[in-house]
Structures are given as C-alpha cells and as structure tokens.
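So the structure is just underneath, and the comments pick up after that.
The values are calculated or read from the model by the stated rules, or taken from the named source; none is laboratory data. Source: prediction; values computed, not measured. Glycine gets a Cβ as well: all are built from the backbone with ideal geometry, and neighbour counts include every protein chain shown. The protein model used for the area step is the full one, side chains on, heavy atoms only, and it has no ligands, DNA or RNA in it. Shrake-Rupley method; radii C 1.70, N 1.55, O 1.52, S 1.80 Å.
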Amino acid sequence: MKKSGILQTDFFGKLANSPLVLASGVIDVSYSGMLRAVEAGCGIVTMKSLTLEPRKGHNGPVVAEFAGGFINSMGLCNPGIDSGLKEADDFKNRSDAPLIASVFAISTDDFIALTRKVNDSKADAIELNLSCPNVADEYGIPLAASKEKVTEIVLEVKKISRLPVIAKLSPNTYNVPEIAKAAENAGADALTLINTLGPGMVINIHARKPMILNKFGGISGAAIKPVALKLIYQISKLIDIPIIGTGGVLNADDAIEFLMAGAKYVSIGTAVYYHGIEVFTEIREGLINYLTTNNLSSIEDILPLS
Ligand code: DHB
C-alpha cells in the first residue's frame, strides 16, 4: 500500500488513513481479515452484524451472482456479541484503524443490551443494523421501514452509548429521507446509506429453481449504485451528520461519485468479491491520482454537488 497523508480523514476524533470503509459482512468476522483490509488501504473497518446469541445463518447456497452484482441471504450468521467483540479487541490491539461494531436486534431492549457490551469493548463506534432484508420470515419487516421504531431505538441507544451511534438504513421504503431525518433528530451521529436493495431473486433456468436456497436475498453491486447515490444526495441536503455511503462502489470513480453525492466516507463490500481485498489499494491509489491531477490537497476538497 502506497502511504499518503492526503487521504487521511477524521472519524469522530480518531484518525483514519482513508475515507474507505470495509462494509459489514465482508471478511470481518475475524480480526485477521480486518487487519488485511487495513493493510490493503481500508481506513475504517465495520464488523459483520453481531446478535446477542450466535447464529448459524441460512443454509447454502446463500450467494448468487447476476449481471448487476450479487444477491445474498446469509441470515445474519455471526458468532454472537461476546465472541465477536473479542475479535474486535484483538483487532484493536494490533491496529489504530477505527473499528465500527455492527449490531442487529429486533427489540429496543436487545439493542440496549448489545450497546452495553459494545461500550465495554475497544470498538470506536456502534452501527445499528436496522435494515437486514433477509430475516423478514423470522422477525417481520426491517425496523428501518418505521420512523417510530428508528426514533425509539436510536433515542434509547444514544442514552447509554459511550460511542458514536451510526444508523444503517434501508433503501426499501418510499420515505427514506424522512426516516433519515428522524434518526438524526433522535441523536444519531452518522448514517450508513444504503443497506442491500430488495430482496430480489435470481433463477437457475436449468435446475428450474432459485439460485439461493432462501429464494430471495438482498441485492448488492453495480445495480444498486444509482439508488444509493440518489438517496445520499437527497438526504445529505436534509441532515448535518456525516453519511457513510455504500452500494455498488467498484472502483475509484465510483467512490468519487459517492463523495460528490454527499457522503463523507465510502464503504465497499461487493467489490471485494470481484477483486479481492487488494481492491482497497486500487481505489486508494485512484483517489490519490484524482486529487493530484485536479490539484486538490485533501479528500475534503472533493466537494458535494449543489
Ligand atoms: C445480511 C444482512 C444484511 O444487512 C444485508 O444487507 C445482507 C445480508 C444477512 O446476514 O443475511
């Protein structure tokens, strides 16, 4: 990884080597995977969403590729909050890179219990996954579809969190800007926009069956980028808190589009499946080239569109 201070970014008082974020759910269950992402040029790491109890997740196949990206229905497989936070601490014992602990629950009480545990860890921020599209059968529609639920959870978590609270919202409702504003009003310190789209479906015509066992899964990749950009652009005009933009960022040009749409940080997930973790090195170098060819001295000089 080429070292350059030009991409350094503040993350709630901590220094990140770049505004590039490893998205939740991508090689982020063990501390070694997270370290590899940072080594490659990722500035901030998000862990796979942790639940109070371990979850096996759905039976496979859980991922399928299509022309516009992937669909996945992992089913929130994770080792549970206690084991997960040990990995978080192991990571922080070896790296200064800011770490976001992502948590998933369906009740306010469970979010509070998870927050207390994250408070006792070395994580630098907590991300509330209010928007997993794959567990509706078990839990009903995602919390991020309801302004009232988002407000209640963010308010209660903020009362006890010692860390910045990030709300990860869903694109799968017509009033995302209103919900984003509600999250800010309830005290959220940042938003992650957007979680996967859909769910959607991909069919294997030879086997005459859905490509993934769970039939439906959240859509990621190039297909969802215009949706993400539109929501980030619209919502960044309504709120004052920073946005972690995500959804189909495959290269440096995509990352620049997200910054121009109004994101402060750019989170990358699906690109890792195509290009490996080295995609962070490529995107990092692409950002540095863009800044130098345009005579810009820092990443903040890539201004949002009016
Ligand atoms: C899963 C969770 C998500 O929030 C998402 O966007 C995609 C998949 C999951 O674990 O199933």
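Per-residue SASA remark: Cys77, around 40 Å² accessible (1.4 Å probe; ligands, DNA and RNA not included). DSSP finds beta bridges in segment 4-301, and of those with both partners inside it, around 40 percent are antiparallel. In this Cβ point-charge picture (+1 for Lys and Arg, -1 for Asp and Glu), the chain has a dipole of about 360 debye about its Cα centre. Across the cross-link table entries Lys158/Lys237; Lys86/Lys209; Lys147/Lys264; Lys56/Lys117, which are compared at the Cα atoms, the separations over 30 Å belong to Lys86/Lys209. Per residue of the chain, the DSSP helices (runs of n ≥ 4 H) give a summed -39500 (n - 2.57) that works out to -10000 deg cm²/dmol at 222 nm.
Other residues whose C-beta falls under 13 angstrom from the C-beta of Leu197 contribute a net charge of +2, scoring Lys and Arg +1 and Asp and Glu -1. As I understand it, the dipole of the chain uses +1 on the Cβ of Lys and Arg and -1 on the Cβ of Asp and Glu, about the Cα centre. Which of Thr281, Asn119, Gly80 lies farthest toward its positive end? Projecting each Cα onto the dipole axis, the largest value belongs to Gly80. Dimensions of the chain from C-alpha coordinates, computed as largest minus smallest value along each principal axis and given longest first, are 51, 51, 39 Å. Per residue, the accessible area of the chain comes to 42 Å², computed with a 1.4 Å probe over protein heavy atoms only. Taken along its three principal axes, the alpha carbon spread of segment 1-115 comes to 42, 40, 23 Å, from the longest extent down to the shortest. Under the criterion of Cα pairs below 8 Å and six or more residues apart, the relative contact order for segment 4-301 equals 19 percent. Sorting Ser121, Ser107 on solvent-accessible area from highest to lowest, probe radius 1.4 Å, gives Ser107, Ser121. Note on segment 1-142: with charges restricted to the Cβ of Lys and Arg (+1) and Asp and Glu (-1), its dipole about the Cα centre is near 440 debye. Annotation note: trypsin sites (Lys or Arg not before Pro) in segment 91-163 located in DSSP loop regions with a Cβ neighbour count of at most 13 within 10 Å are Arg94, Arg162.
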